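Q: Below you will find the structure I want to go over with you.
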There are 2 protein chains.
Amino acid sequence: MSAIGFHPHNHDSCIQTGVSAAAETCAAEGLQLTDVRRRVLEILLEKHHALGAYDILEVLRSEGMGSQPPVAYRALDFLTKHGFAHKIERLNKFVACSDIGGDHTPAFLICTGCDLVAEAHLDASTGRLTKAAEAVGFTIERAVLEAEGLCQTCREAAA
Amino acid sequence: MSAIGFHPHNHDSCIQTGVSAAAETCAAEGLQLTDVRRRVLEILLEKHHALGAYDILEVLRSEGMGSQPPVAYRALDFLTKHGFAHKIERLNKFVACSDIGGDHTPAFLICTGCDLVAEAHLDASTGRLTKAAEAVGFTIERAVLEAEGLCQTCREAAA
DNA sequence: CGGGACATGTTATAGTATAACAATGCTCCT
DNA sequence: AGGAGCATTGTTATACTATAACATGTCCCG
C-alpha cells in the first residue's frame, strides 16, 4: 500500500503531481477543471489530512472564491465523482486521492493521534467482503473501508 | 456470514433473542439496560433497516419517553459502545447488532434497492486491510467496512 | 442569434450531533 | 438519617453537515 503521509516526503510534489494528473484526466475525458475545482483540490492536497467542507469553504471565502456551502460541496462532488478526492465517511471529511487516475477501491488508515490519513489500494475482487457478498448473492457497487488507529510514529510516542 | 435480513425468517425471534442477549450481557457486566435503552434497542430490532437518530426519537416521543435529541443519542451511544447496535457511517444511521455478545469486527451489506442492511462478521486478523496496516506499522483500533449494492432479490427484480 | 448544457451565485432550510447545566434517583458509607 | 458520589435522564441551546430551489452567467454549437 502507499503509506505516504505517514512518512517524510517531498510534499510539494504531491501537490504538483496531483493537480497535473487531475488536469490530464479532465482533458482526456472532457471534464472541466475550473478555478474553484482546481483550488479545492489544491487545498486538499496541501496536507495529508481530511478537511471538512466548511474548512475548505473558509479558505475559498478568504480568497474571494465563493462564500456559500454549495460552492464547496459542488466542487467536492465533482472531485469525488471523478476519483480526484474521497470522502471519509467516518469523519464526514474529505481527502485528496493519492493515486489519481488509478483504479479505485480505496481503503483508508486514519491516525487518531496526528489525524493523518493514508490511502491504500486493495484489489476489490480478492477481498473477503467480496466473497461474503457473493455467497449471499449481493452485488457490491461501492465499498467503504476505513480503519482508525495509531500510526507507527504516534504509537511509539504514546508508549 | 449471516445474511439474515435478505431472507425470510421468523422476525419475532430476532427481537426476543436480541433483547434477552443484551439483558444477559448487561447483567453479566454490571450495565444498566434502562427503559429508554431497551426501547431503543427494540425499535432498532424491529426491522433489518438502518434508522436515523431522529427516526428513533420520533418513536420515543410518541410514547412519552423523552423528546429531545440527547435522549436518543445517549441511548444509541450506550448501545453502540457495548456492541448492541452499530452505526452505519455511510448512512449516518443505526442498526441493531445481529450477533449480540459475539466478537466484533462487523461488516455491512447495504442494499440500495430495499434498504435492508445485513451484518457479516469477518475475522479481523486475516484481512488484507489488517495486513496492509501491519506493513506500515499502523495499529487498527476500529474499522468501518460497509458495502453498498443490490441484494439478490433486488437485483433480480431490476433485471 | 437563439437555445442547450454546464458552471456558479445566492437564499433558505433540512438533517445530524453535541455542549452545558439542572434534576433525579440510587448506593454506599459513617 | 445525612450526605457524598455516581449514573441516568431532562432540557435548552447551539454547532456542524448537507442539499433544495431558483437566479445568473458563459460558452459552444447549430
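The values are calculated or read from the model by the stated rules, or taken from the named source; none is laboratory data. Quick caveat: nothing in here was measured; it's all calculated off a predicted structure. All Cβ positions, even for glycine, are placed from backbone atoms using ideal geometry, and neighbour counts span all protein chains on display.
Q: Just a yes or no: is a residue in the range A:67-82 in a loop (DSSP other than H, G, I, E, B) and aliphatic (A, V, I, L, M)?
A: no
Q: Inspect all residues belonging to the range A:130-147 and state whether any of them is among the hydroxyl-bearing types (S, T, Y), at pLDDT below 95 and in contact with a helix residue (DSSP H, G or I) (Cβ under 7 Å, 6 or more places away or on another chain).
A: First, the residues of the range A:130-147 that are among the hydroxyl-bearing types (S, T, Y): A:130, A:139.
Of the ones still in play, those that are also at pLDDT below 95 are A:130.
Now drop any that are not in contact with a helix residue (DSSP H, G or I) (Cβ under 7 Å, 6 or more places away or on another chain), which leaves A:130.
Yes.
Q: Spot the failing condition for A:G149; the list is (1) more than 16 Å from DNA strand C (Cβ to nearest atom); (2) in contact (Cβ under 8 Å) with a residue 12 or more places away in the chain; (3) facing chain B (nearest Cβ under 9 Å); (4) surrounded by fewer than 17 Cβ atoms within 10 Å (Cβ to Cβ), and only one is missed.
A: (4)
Q: May I pose another question? Limited to the range B:65-101, what total is found for residues that are more than 10 Å from DNA strand D (Cβ to nearest atom), aliphatic (A, V, I, L, M) and free of Cβ contacts under 8 Å to residues at least 60 places away in the same chain?
A: So the count comes out to 6.
Q: If you scan the range B:121-143, which residues turn out to be touching a Ser or Thr at 6+ places or on another chain (Cβ under 7 Å), more than 15 Å from A:I110 (Cα to Cα) and facing chain A (nearest Cβ under 7 Å)?
A: B:L122
Q: Please work out if A:L116 is facing chain B (nearest Cβ under 9 Å) and surrounded by 20 or more Cβ atoms within 10 Å (Cβ to Cβ).
A: Spelling it out, it is not the case that A:L116 is facing chain B (nearest Cβ under 9 Å) and surrounded by 20 or more Cβ atoms within 10 Å (Cβ to Cβ).
Q: Just for strands (runs of 3 or more DSSP E) wholly inside the range B:83-139: which have at least 3 residues that are within 16 Å of DNA strand C (Cβ to nearest atom)?
A: In the range B:83-139, B:85-88, B:93-96 are the strands (runs of 3 or more DSSP E) which contain 3 or more residues that are within 16 Å of DNA strand C (Cβ to nearest atom).
Q: Surrounded by fewer than 22 Cβ atoms within 10 Å (Cβ to Cβ), facing chain B (nearest Cβ under 10 Å) and charged (D, E, K, R): which single residue out of A:K81, A:K87 fits that description?
A: Going through A:K81, A:K87 in turn, the sole match is A:K87.
Q: State which residue is nearest to the other protein chains (Cβ to nearest Cβ) when the search covers only the range B:30-53 and only residues that are part of a helix (DSSP H, G or I) and either within 13 Å of the chain's Cα centre (by Cα) or more than 11 Å from DNA strand D (Cβ to nearest atom) (or both).
A: The extreme case among them is B:A53.
Q: Only one of A:T112, A:T139, A:T130 is free of Cβ contacts under 8 Å to residues at least 12 places away in the same chain, touching a strand residue (DSSP E or B) at 6+ places or on another chain (Cβ under 6 Å) and among the β-branched types (V, I, T); which?
A: A:T139
Q: Follow-up question, since we're still on this one. Quick check on A:H104: is it within 14 Å of chain B (Cβ to nearest Cβ), away from DNA strand D (no atom under 13 Å from the Cβ), under 23 Å from A:I15 (Cα atoms) and modelled with pLDDT under 95?
A: It is false that A:H104 is within 14 Å of chain B (Cβ to nearest Cβ), away from DNA strand D (no atom under 13 Å from the Cβ), under 23 Å from A:I15 (Cα atoms) and modelled with pLDDT under 95.
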